[in-house]
Structure formats: C-alpha cells, structure tokens
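So the structure is just underneath, and the comments pick up after that.
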Amino acid sequence: MLAGKVPVGSAVPPRNTAASGSKGSKVLVVNAGSSSIKFKIFTAETLSPGAAGLFDRIGDTANCVLKASVPEDGGKPKKFEKKIPAKDHLTAMQDIMSFIDENVSSTFASEVCAVGHRIVHGLDISQPKLLTPDVISCIQDASVFAPLHNPPHLQGIYAAQKVFGPSVPQVAVFDTAFHQTMPPESYVYGLPYDMYENHKIRRYGFHGTSHKYLVEQAAAMLGKDVSQTNVITCHLGNGSSVAAVRGGQCVDTSMGMTPLEGLLMGTRCGDIDPAVVLYIQNQLGLSATETDTLLNKKSGLLGLTGSNDLRTVIEGAGKGEARSQLGLDMFVRRVRKYIGAYMAVLDGQVDAVVFSAGIGENSALVRGLICERMQALGISVDKDANAAAVGGKQADISGPGARIRTLVIPTDEELSIAQQTLQLVRGAALAA
Ligand code: ADP
C-alpha cells in the first residue's frame with residue numbers, strides 16, 4: 001500500500017490470465033497532448049509507481065526531447081533527458097518503449113497488462129470504458145467541445161494500440177465522468193431546451209479524475225464510507241475547479257461545457273457575462289478564434305497581472321503592485337463564492353473542504369485567505385498546521401472546534417487512472 005493513501009485492492013491478473021495478480025504485471029498510464037505524451041508506470045499488484053516521463057515537442061524533430069525519471073531502490077530517482085527525433089505520436093510511443101526497454105526493464109513490453117488513457121471530454125459517459133470502436137467514436141464526437149485535447153488523445157490511443165496490439169486491454173478514463181451524477185438543475189444552461197437536447201450544450205465539468213480521487217482520500221481521512229461523505233473539493237492549479245459532493249457523488253461543479261467556466265484561472269477568465277463576448281466580437285471586431293484565444297489563453301491571472309503563475313502574482317502583491325493584488329484578491333474571492341454557494345447546494349451538510357493541486361497543495365497564504373472569516377459557516381484553519389502543509393503533504397489543517405474539517409490532499413490523477421483501469425480490466429476478465 002502507498003503511504004498515506006487509500007488501499008486499493010484492485011490488483012489485476014497478468015495479460016491473458018484471469019486468475020491472479022502477478023508481481024510482473026504493469027499498467028501504463030498515458031496522457032497524450034498535441035505535441036507531448038506523458039506516461040507513468042504502476043505495478044498492478046500494489047499500484048506502486050515506477051518510471052514516469054514526458055515526451056515533449058513531438059513533431060519538431062530537431063528539438064523533441066524525452067525526459068524521464070526512474071526510481072532506484074533506496075536512492076534518489078535516476079533522471080534522464082534525451083533528444084530523440086520523433087515525427088509523430090506513434091514514433092514517440094515506440095521511442096518511449098525502447099527507452100523503458102533499455103533503462104527500466106527489457107521485459108516491460110510483455111509485462112504490460114493494461115493501458116489507461118486520460119481523456120478530457122467524454123460527453124455523457126459516466127464510467128471508464130474499454131476502448132471499443134463505439135467509445136473511440138464518442139471521443140471523436142466530443143472533440144467539438146475539446147478540440148485541443150480529444151484529437152491528440154486519439155493519436156495517443158492509436159499509437160498505443162499499434163505498439164501493444166489487441167491482446168493488451170486499453171481503457172479510457174474521462175475527466176468529465178465523475179460529474180455525470182449532477183442533477184439537471186446543475187448541468188442544464190438557461191438556454192432554449194433545444195440547445196441541450198439537440199446540440200448537447202450543457203455543463204459537463206472537468207478535473208473529474210482528481211475530484212473523485214480527492215473524495216476517496218478525504219473519506220479515508222475522515223474515517224467515513226465514501227457513500228456517506230459530503231465534501232467541497234477545490235482543485236486549484238493553473239486550471240482550477242470546485243466540486244460539490246454529496247454521498248460521494250458530484251452534485252455540482254464550477255467548470256461547464258468546456259473548462260472555461262467558473263473560477264479565475266491562470267489564463268482563463270472563468271465566469272463572465274456572455275454579453276461581454278458578444279460586445280468583444282460586435283464592437284471590438286474580434287473574430288470567434290481571436291475571442292477564444294483571448295478568453296482561454298490571455299485572460300485570468302495572466303491578463304490581469306502579466307503572469308499566469310500565482311507565485312509571481314503573490315510576489316508582486318507583496319511588493320505593492322496593485323494589479324497583482326487585484327489578481328490575488330479576485331482569485332481568492334471567486335473560490336470563496338463557490339465554497340459559499342456549494343455550502344448552500346449541500347444544505348450546509350458538509351464534512352470537509354479539500355484543497356489540492358499546485359496552489360491548493362502549496363500555498364498556505366491562499367488557503368488562509370480563502371478560509372478567513374468563515375467561522376460563521378463552520379470553517380476555520382489552524383495557522384501552524386496550515387503553514388506546515390506544503391510540498392505534497394496530506395494534512396488536516398482545521399482550527400480547534402471547527403465544525404467542518406479543512407483538508408489538504410495532494411492529488412494523483414495518474415494513480416486514479418491506473419486504479420480505475422485495473423478495476424475495469426479485472427472486472428472484464430472475471431466476466432469473460
Ligand atoms: P496544472 O496541472 O493545471 O498546470 P498545477 O496543479 O501544477 O497546474 O498548478 C500550477 C499553479 O500552482 C501555478 O499557478 C503555480 O504558481 C501554483 N503554485 C505552485 N506552488 C505554489 C506556491 N508555493 N504558492 C502559490 N502558488 C503555487
């Protein structure tokens with residue numbers, strides 16, 4: 001079992017053997033982007049992590065680079081960085097396998113019992129799915145809502161299918177899936193109903209793999225069954241979202257049809273009056289593509305302060321820069337608004353507020369600002385415990401007597417993908 005993490009108990013039989021777990025079997029988690037493939041290997045039996053890496057700048061053959069880290073018994077992980085001219089995702093995947101073959105284990109390819117793919121948008125799919133032609137076609141359909149993510153995910157899937165062949169099951173784990181339990185009053189927009197029925201325009205929510213993982217970890221920390229756990233999970237990174245969870249199931253979340261809605265983010269504006277978009281296009285003459293770039297890539301902390309990195313914003317605010325102070329205040333205000341709103345959505349029956357991701361796991365300052373003057377809502381934070389909870393530590397930072405716990409939980413989306421992949425593959429093997 002991994003220290004401090006929930007026991008998983010979902011070991012998977014090795015390839016072609018439905019009977020028992022094997023020390024040799026591995027699960028490979030793949031997150032394919034437009035010019036990158038992130039990968040992480042887990043041992044199926046214990047879900048302990050092995051080598052991990054990033055193949056970056058795929059297609060730019062002069063500059064593409066494979067960076068990897070391989071754990072060493074009792075020592076620091078060994079780091080690798082190598083320029084390899086990969087022209088596409090298939091070549092990059094083959095290169096990753098050769099790298100593992102040379103530096104990790106020459107039997108690795110034959111030990112892979114399952115591959116789990118991170119997929120950003122899965123429309124209304126609510127569970128991880130074995131990659132069948134129907135599922136691939138759904139990922140293609142969802143590309144209209146995630147044009148920057150789903151097409152490269154498909155490249156990663158095709159590459160892995162070629163490399164491992166049909167005998168290794170591959171699973172799609174969707175960022176949207178956890179939010180499928182939202183009721184219609186959370187996910188339908190106030191538009192003509194036809195927009196939802198005929199055009200699938202609705203709120204889907206994202207970061208679902210992270211929110212699901214945080215709920216499971218929070219339940220373990222609280223000593224409760226997941227099905228009895230009510231929490232507000234705050235995934236605060238460059239992309240940020242909040243989820244309201246009742247009885248372990250998502251009932252509302254801040255991101256919408258795309259990840260643009262909700263909190264103020266590194267480069268995304270979050271919630272905005274839609275009339276602003278019309279004004280930008282009609283009065284300022286920006287095209288649809290230019291408006292998309294403005295809202296998704298040039299807004300948020302970047303647009304307000306000149307930096308999308310909250311550390312730089314905090315530094316600027318500390319030096320008295322007014323715009324940085326405004327960016328920090330707006331970021332905090334928006335998270336507080338969502339926590340307040342979700343307290344109401346959950347009828348005040350909240351066990352814990354959970355902080356995670358780059359900002360949530362590392363910034364005691366931001367956590368403190370978000371939670372200050374919330375005693376009337378039952379939330380308070382212990383100053384020392386908050387200050388100590390940095391650098392990827394799981395911690396309960398609640399103040400003495402607080403009715404609602406405040407937890408810091410490092411997220412681990414890859415582990416969750418490995419876990420969900422193995423559960424599905426094992427279930428399919430038993431059913432066969
Ligand atoms: P993503 O996965 O969405 O790219 P991360 O979860 O890695 O993002 O989070 C990145 C964000 O975390 C950046 O805005 C960075 O400034 C912020 N961050 C990391 N460490 C700290 C810190 N100590 N204080 C404040 N912000 C931090």
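The values are calculated or read from the model by the stated rules, or taken from the named source; none is laboratory data. Remember, predicted model here, so these are calculated numbers, not experimental data. Don't worry about glycine lacking a Cβ; one is built from the backbone with ideal geometry, like all the others, and counts go over all protein chains shown. For accessibility, only protein heavy atoms count, side chains too; no ligands or nucleic acids. Shrake-Rupley method; radii C 1.70, N 1.55, O 1.52, S 1.80 Å.
How do 387-394, 423-430, 176-183 rank on mean C-beta neighbours within 10 Å, highest first?
The packing order, highest mean first, is 176-183, 423-430, 387-394.
Per residue, how much accessible area does the chain have with a 1.4 Å probe, in Å²?
Using a 1.4 Å probe on heavy atoms only, each residue of the chain averages 45 Å².
Given the options S34, S254, S167, state which has the largest fluctuation in a GNM of the chain using a 10 Å cut-off (strictly under) for Cα springs.
S167
Only four residue types carry charge here, +1 at the Cβ of Lys and Arg and -1 at the Cβ of Asp and Glu. Report the dipole size of region 136-235 about the Cα centre in Debye, rounded to the nearest 20.
Computed charge dipole of region 136-235: roughly 200 debye.
Quick check on region 97-248: take the gyration tensor over C-alpha atoms, sort the square-rooted eigenvalues as a ≥ b ≥ c, and tell me if it's rounded (a/c under 1.5), prolate or oblate.
Since a/c reaches 1.5 but b/c is at least a/b, the shape of region 97-248 is classed as oblate.
Show me 203-210, 292-299 ranked by packing, highest mean number of other Cβ atoms within 10 Å first.
Listed from highest to lowest mean packing, they are 203-210, 292-299.
Antiparallel as a % of all DSSP beta bridges within region 26-174, to the nearest 5?
70 percent
GNM, the chain, Cα, under 10 Å: largest mean-square fluctuation among A322, A92, A109?
A322
May I ask you to evaluate 6.51 cos²θ - 1.76 cosθ + 1.60, the Karplus curve with θ = phi - 60°, for each residue of region 141-146 and list the ³J(HN,Hα) values in order in whole Hz, giving x for glycine and proline?
Karplus values, whole Hz, x for Gly and Pro: 4, 6, 4, 4, 8, 9.
At a probe size of 1.4 Å, how large is the accessible area of C138, to the nearest 10 Å²?
That residue has around 20 Å² of solvent-accessible surface.
Using only Cα atoms, find the angle between the long axis of helix 150-164 and the longest principal axis of the chain, and express it within 0 to 90 degrees, rounded to the nearest 10.
20 degrees
HN-Hα J couplings of region 231-239 from phi, Karplus 6.51/-1.76/1.60, θ = phi - 60°, integer Hz, Gly and Pro as x?
For region 231-239, the Karplus-derived couplings read 9, 10, 9, 10, 8, 10, x, 5, x Hz, x marking Gly and Pro.
Per Stokes-Einstein, at 37 °C and 0.692 mPa s, what whole-number D in µm² s⁻¹ belongs to the chain, with the Kirkwood radius over Cα pairs as the hydrodynamic radius?
In µm²/s, the coefficient is 144.
Cut-off under 19 Å on the C-alpha distance; same-chain residues fewer than 8 positions from K383 excluded. Which aspartates and glutamates are left, in chain and number order?
Reachable aspartates and glutamates: E361, E372, D396.
Can you tell me what share of the DSSP beta bridges in region 224-413 is antiparallel? A percent to the nearest 5 is fine.
Bridges in region 224-413 are about 55 percent antiparallel.
Quick check for me: using +1 on Lys/Arg Cβ and -1 on Asp/Glu Cβ, what's the dipole size of the chain about its Cα centre, in debye to the nearest 20?
Approximately 580 debye in magnitude.
If the limit is 24 Å between Cα atoms, which of K26/K78; K76/K212; K212/K298; K87/K129; K129/K200; K129/K162 go over it?
From the list (K26/K78; K76/K212; K212/K298; K87/K129; K129/K200; K129/K162), the Cα-Cα distance tops 24 Å for K76/K212; K212/K298; K87/K129.
Is the shape of region 26-174 best called rounded, prolate or oblate, per the rule: a/c under 1.5 gives rounded, else a/b larger than b/c gives prolate, else oblate, with a ≥ b ≥ c the square roots of the Cα gyration tensor eigenvalues?
Oblate is the answer for region 26-174, as a/c is 1.5 or above yet b/c matches or exceeds a/b.
How much of the accessible area of the chain, probe 1.4 Å, is carbon plus sulfur, in whole percent?
Carbon and sulfur: 52 percent of the exposed surface of the chain.
In whole Hz, what ³J(HN,Hα) sequence does region 317-326 give by Karplus (6.51, -1.76, 1.60; θ = phi - 60°), x for Gly and Pro?
The phi angles translate into 4, x, 8, x, 6, 5, 5, 5, 4, 4 Hz.
Check which residues have an amide H placed less than 5 Å from S380's amide H, if you skip close sequence neighbours.
Under 5 Å from the amide H of S380 lie the amide H atoms of G399, I404, each far enough along the sequence or on another chain.
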